[in-house]
1. Please determine, by comparing only the residues of the stretch 76-103 that are among the hydroxyl-bearing types (Ser, Thr, Tyr) and at pLDDT 95 or above, which one is nearest to THR52 (Cα to Cα).
2. Just one of the numbered conditions (1) crowded, with 16+ Cβ neighbours inside 10 Å; (2) outside any loop (DSSP other than H, G, I, E, B) is not true of LYS142; which one?
3. Considering only residues of the stretch 14-51 that are surrounded by 16 or more Cβ atoms within 10 Å (Cβ to Cβ) and among the small types (Gly, Ala, Ser), which is modelled with the highest pLDDT?
4. Got at least one residue in the stretch 146-158 being under 18 Å from GLY33 (Cβ atoms) and in a loop (DSSP other than H, G, I, E, B)?
5. Which of (1) free of Cβ contacts under 8 Å to residues at least 12 places away in the same chain; (2) under 30 Å from ASN159 (Cβ atoms) does TYR121 not meet, given it meets every other one?
6. Just give me the residues in the stretch 134-184 being touching a helix residue (DSSP H, G or I) at 6+ places or on another chain (Cβ under 6 Å), more than 30 Å from ASP50 (Cα to Cα) and of a type outside the set (Ser, Thr, Tyr), in sequence order.
7. What is the residue count in the stretch 173-182 for residues that are at negative phi and surrounded by fewer than 20 Cβ atoms within 10 Å (Cβ to Cβ)?
8. Six or more apart or on different chains, Cβ atoms under 7 Å: show the pairs whose first residue is in the stretch 131-148 and of a type in the set (Lys, Arg) and whose second is surrounded by fewer than 14 Cβ atoms within 10 Å (Cβ to Cβ).
Amino acid sequence: MGSKHFAKLLFIASNLFSLFSYGQWSVSGTLEGQFDDYNRFSIGSCLVSDMTVKYKLNTMASEPSVLLNFKWQAYDPDNDNCLSKEAFEMFIEVQVDGKYVYIPTIGVLGATPKGNNTWGYNPFASSPTWDKLFLLSVNGIKAGSTEGRVYVERDIAKNYWSSGIMEVTSILIIDRSGKKKSIQ
């Protein structure tokens with residue numbers, strides 16, 4: 001096998017490893033990071049001692065790709081499964097050109113992890129459609145309801161995504177009652 005052929009196979013193998021390890025194929029312009037909150041808060045009736053959330057925004061095959069994973073510590077160690085019983089949604093808050101927009105993460109989260117500071121399992125990258133990528137606001141939104149959701153138009157969403165000036169400012173958690181918690 002020639003060195004060019006071997007190099008090509010190595011390139012393909014490393015990208016496949018990236019695809020299976022991270023759930024997405026990094027093309028360009030990856031935006032990733034994490035936020036931590038060490039202050040006690042509640043989601044519904046579940047008391048959370050602390051939470052860490054990782055995000056990764058990427059482009060795969062000219063489409064947006066969103067990955068989110070989290071770990072948390074239950075305030076009451078005997079009730080470390082309380083979050084799986086709550087209805088909540090997470091949104092990635094993004095600032096673009098002085099405006100805040102919100103990326104819904106429905107379909108991104110895998111199984112809700114137990115509250116023992118282990119990462120969630122089965123998180124996967126989601127490829128939202130351009131017309132459902134950015135919400136204009138999360139005011140009045142409740143977990144599990146589509147009521148009141150207004151999205152940025154497709155062409156504007158593509159422009160935001162490709163602008164290179166997108167900044168993730170926080171992860172918002174909204175419960176069934178509409179109560180918000182910001183992890184930053």
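1. TYR102
2. It fails just one condition, (2).
3. By that ranking, first place goes to SER49.
4. So far as the stretch 146-158 goes, no, none of its residues is under 18 Å from GLY33 (Cβ atoms) and in a loop (DSSP other than H, G, I, E, B).
5. (2)
6. ARG154, ALA157, LYS158
7. Looking only at that region, the number is 6.
8. Correct list of pairs: LYS142/SER177.
The values are calculated or read from the model by the stated rules, or taken from the named source; none is laboratory data. This is a predicted model, so every value here is computed, not measured. So basically every Cβ, Gly included, is an ideal-geometry build from the backbone, and we count neighbours across all protein chains shown.
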